Every structure is written in C-alpha cells, then in structure tokens.
1. Against the condition surrounded by 18 or more Cβ atoms within 10 Å (Cβ to Cβ) and either within 14 Å of another protein chain (Cβ to nearest Cβ) or farther than 30 Å from A:Gly170 by Cα (or both), how does A:Leu290 come out, does it pass?
2. Checking A:Trp329 against (1) in contact with a helix residue (DSSP H, G or I) (Cβ under 6 Å, 6 or more places away or on another chain); (2) assigned to a helix (DSSP H, G or I); (3) within 14 Å of another protein chain (Cβ to nearest Cβ); (4) over 30 Å from A:Tyr143 (Cα atoms), which single condition isn't satisfied?
3. What is the residue count in segment A:151-176 for residues that are of a type in the set (Gly, Ala, Ser) and in contact with a strand residue (DSSP E or B) (Cβ under 8 Å, 6 or more places away or on another chain)?
4. Would you call B:Ser28 at the interface with chain A (Cβ under 7 Å from one of its Cβ atoms), surrounded by 14 or more Cβ atoms within 10 Å (Cβ to Cβ) and at pLDDT 50 or above?
5. If you go through segment A:259-267 one residue at a time, do you hit one that is within 14 Å of chain B (Cβ to nearest Cβ) and either modelled with pLDDT under 95 or surrounded by fewer than 20 Cβ atoms within 10 Å (Cβ to Cβ) (or both)?
6. If you go through segment A:136-153 one residue at a time, do you hit one that is out of contact with any helix residue (DSSP H, G or I) (no Cβ under 9 Å at 6 or more places or on another chain), over 30 Å from A:Trp116 (Cβ atoms), assigned to a helix (DSSP H, G or I) and among the charged types (D, E, K, R)?
7. Can you name the condition, by its number, that A:Thr158 falls short on among (1) surrounded by 13 or more Cβ atoms within 10 Å (Cβ to Cβ); (2) more than 8 Å from chain B (Cβ to nearest Cβ)?
8. Six or more apart or on different chains, Cβ atoms under 9 Å: show the pairs whose first residue is in segment B:5-25 and closer than 30 Å to A:Gly360 by Cβ and more than 7 Å from chain A (Cβ to nearest Cβ) and whose second is part of a helix (DSSP H, G or I) and of a type in the set (A, V, I, L, M, F, W, C).
Amino acid sequence: MNFSFVSAAVFALATLAASPTWADAAPAVDRSATGGAQTLQDIMARQSQLDVDESFRSENLGDSANAAATTESLGTNGGRSDADVYRASRYNEINPTLQDRGPAAGVLIQDGGMPWYQLREGPVVTYGGSALLGIIALLVVFYFARGKIMIDGGPAGTTIQRFKAIERFGHWLLAGSFVALGVTGLLTLMGRQFLIPVMGHEAFATLAVGSKWIHNNVAWAFMLGLIMTFFMWVVHNIPNKLDWEWLKAGGGIFTKAHPSAKKFNAGQKIIFWTVMLLGLSVSLSGLSLLFPFEMPMFAKTFAIMNSVLGTEFPTVLAPHEEMQYANIWHSIVAFVMMVAIIAHIYIGSVGMEGAYDAMGNGQVDLEWARQHHDLWVAEVEAKEGKGDGS
Amino acid sequence: MKAMLSAFVAALVIAYGATQILPTFGWSSAERGSAEFSVRRD
C-alpha cells in the first residue's frame, strides 16, 4: 500500500475539513520608502491574519557579487550585511559550520514554534476534545432513543465460536495499548490546561513523566497488535456487494431488520479499515516523534499531494517543521481514531446484547450469530458438517 | 477473559522490553533530549 498517497489524501481531507476558509492575500505594499524593507503595513497585515508574501525579505539575502574587495578596509561581509545574514538564517538559506553533527543543528532560527504551539493548544485541543465529548453525548442520546439492541426472541442458549484465543489476544493487545496511549496522549496534550490548575505543577509533573514512559513504550505493543489483527482479519474485511446492501439497510440499527453478513459486516469493515489506515499513519508519525529528526516524512508527502491534488504545500521543511507537522498530525489522527473506537466500544458492550462475548470468551450465542452474521454461521455449519462426514 | 488479561500483561512486558532493548541500538526515550546525549562537546 502506498502510505504516502493514503496519508496525503487523509491529510488533505482533514486540512480541508479543518480550514473552511483560506487566509486572504494582503494587498500590495509600496516599500520604496524603506528601501524594500518591511513596512508598518506588512506588520498590520500579519496582525489581521492576512497572507503576506514574504518573498520581499526571504529572497533579500544580499549578493556576494557586490562584495567590496577584501583588500579594502571594512569589507562588507561578503557582500551581505548583518541583516542579510539574519534573514538567511531565519529562512534557513545558510550552510553554517557546526561542531554538533545533529540533523537539526544547522537550523539556527526556526520561527514555526509559536504557530505550532498555538495550533496545538488551541484548535487541536478544542476541536479534538469537542469531538470526544460529542461522540459520547451522541451515544448517550442514541442509547436512550434506540435502547440496547437485543437478540430477537432471546438467546438460543447454545454457542458458536466466534474468535479463537489468538484473535482475541491480538484484539486486546491492540485495544489495551490503544486505551493506554489514548489516555496518556490526552494527559500530555491537555494536562497543562486542565490538570495543572487542579492538581498543581509537582503532582502533574509526576503524572506527565509516567504518561511519557507509557506512551513511548506501550506504542510498540500497539504496533504489534495492529500487525497481528491486520494479518488475521484482512481476508474477511475485503469489501464486497453484500456490504452495500448492509449499508443501504443501515445495518438494521433503525429498522430492526437483520441484513445478511459474513464474518464481518460493513460497519465492522469500516472500523477495521479506519483502525488499520489511521493506525498505520499514527504509528508512522509516532515513530517520527520517537526518533527526532531521523524519520522526516511530511515534505515527501506534501510533494506527492502537490503533484496529485495540485496543492501548494511546502516541500522543503526544516527538521523542526517536520517534527511540528508530525506532532499535529499525530494528534489529529489519534482524535479521529478515538471517536471511532468509542463508538466501537459502545456497540461491542452496552449497545448490543451478546456482542461482548465475541471478544470475552470467544463464544457467542447461536441466535445472536444468526441474526447478525447469518452467512458466516452457514459457512461454519457447512464446514462442521463437512468435517463430520469426512 | 484469559486472552484479554494475557494481552494486557504482554503489552506491559513489551513496553518494559522496549526500554531494555532500544538502548542497545543507541536510543533511549529518557536520554534522547538530554544535552549530554545529543551534543558533542569538543
């Protein structure tokens, strides 16, 4: 699977969804009075959130060809003034000589920190937190409106094996680690705003250090669970015509009908692919954060997006910008996953009678299985019948 | 239930194992950001 393409598509959708309006371009500015340097109008335009074309200074980096001869007194720093060099540093257009060989050490100034911080502390927390509270509220309303989905006619009393022990192990490895990562991720993201005022800095510091340890190290269990469940269930989750019929019937959620399904119905397939694709994306951005500056991937992803979608995302990113994008993307994808998984937890527990048993002891009531996965039951019974006869 | 509990235990074992194995490759989440680790002082 082409990860970059998938990530690019998902990122584009998320970007478009989160940015219904684009910043207006700032009006042209006459900079002759300042000799081409910044004017008050430029500053005012930025404060008004207008999109200022920065090329007047990002490309104004001096010209070595104009350098005074070095034999003369008070040479001109290679034809470049201090302001030229400062601008070059700011726009990462220099190649400094350094003692530290670290990948990010050559970037002397990187001014993306505040926009990243404001995005992280503002919209990401606000919209992400609202999405979590929203899905919980929606499920509460749904529960009182629809009630628990019961087995029509009651349980049969006999059971059929739905998932083997290894399948349940893989599921719970993925689920348990995801919950741990979700909780510790939320603590890391929101703790400063919501917990420090309640518990104080010292208590939160202990909590934050523990959260960091769990988040950094349990991540490997999540990735293993993701790989296990992918290989165990991908064959059963390939979309087919039956899924369309299931979706048209709304899964029988509102009509109380029972559209036919094999081992996994269309709703479960949506959850499967959501977890797999977003799980892959969140894992890759997480690895990029675990190994700082060593796994840059956004410049390449943006280049593919630009060529496919005609967008104009930056394709040259400073190492710090790569980390900032990885951090924001990691949070956005995690929130989308949490919303989907909360709904999945609901329908697999309090929302439906008999559903939890599938991942509890692996044995589900036969009547439940016939109502929700009739074709799968028929397949299993046919196999067992074949086994008895042979 | 056994599968669930053993998976949770496995997640903790893997997490602990990561802290033991990763440093052998020259990486540690605890040391990663420290000046001693990331900056060479000549």
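The values are calculated or read from the model by the stated rules, or taken from the named source; none is laboratory data. From a predicted model like this one, the values you see are computed outputs, not experimental measurements. Ideal geometry is used to build each Cβ from the backbone, glycine not excepted, and the neighbour counts take in all protein chains shown.
1. yes
2. With respect to (1) in contact with a helix residue (DSSP H, G or I) (Cβ under 6 Å, 6 or more places away or on another chain); (2) assigned to a helix (DSSP H, G or I); (3) within 14 Å of another protein chain (Cβ to nearest Cβ); (4) over 30 Å from A:Tyr143 (Cα atoms), A:Trp329 is out only on (3).
3. Residues in segment A:151-176 being of a type in the set (Gly, Ala, Ser) and in contact with a strand residue (DSSP E or B) (Cβ under 8 Å, 6 or more places away or on another chain): 2 in total.
4. It is false that B:Ser28 is at the interface with chain A (Cβ under 7 Å from one of its Cβ atoms), surrounded by 14 or more Cβ atoms within 10 Å (Cβ to Cβ) and at pLDDT 50 or above.
5. Of all residues in segment A:259-267, those within 14 Å of chain B (Cβ to nearest Cβ) come to none.
Within segment A:259-267, not a single residue is within 14 Å of chain B (Cβ to nearest Cβ) and either modelled with pLDDT under 95 or surrounded by fewer than 20 Cβ atoms within 10 Å (Cβ to Cβ) (or both).
6. Checking segment A:136-153: at least one residue is out of contact with any helix residue (DSSP H, G or I) (no Cβ under 9 Å at 6 or more places or on another chain), over 30 Å from A:Trp116 (Cβ atoms), assigned to a helix (DSSP H, G or I) and among the charged types (D, E, K, R).
7. For A:Thr158, the failing item is (1).
8. Partner pairs satisfying both residue conditions: B:Leu5/A:Trp172; B:Leu12/A:Val218; B:Leu12/A:Ala221; B:Val13/A:Ala221; B:Gly17/A:Trp220.
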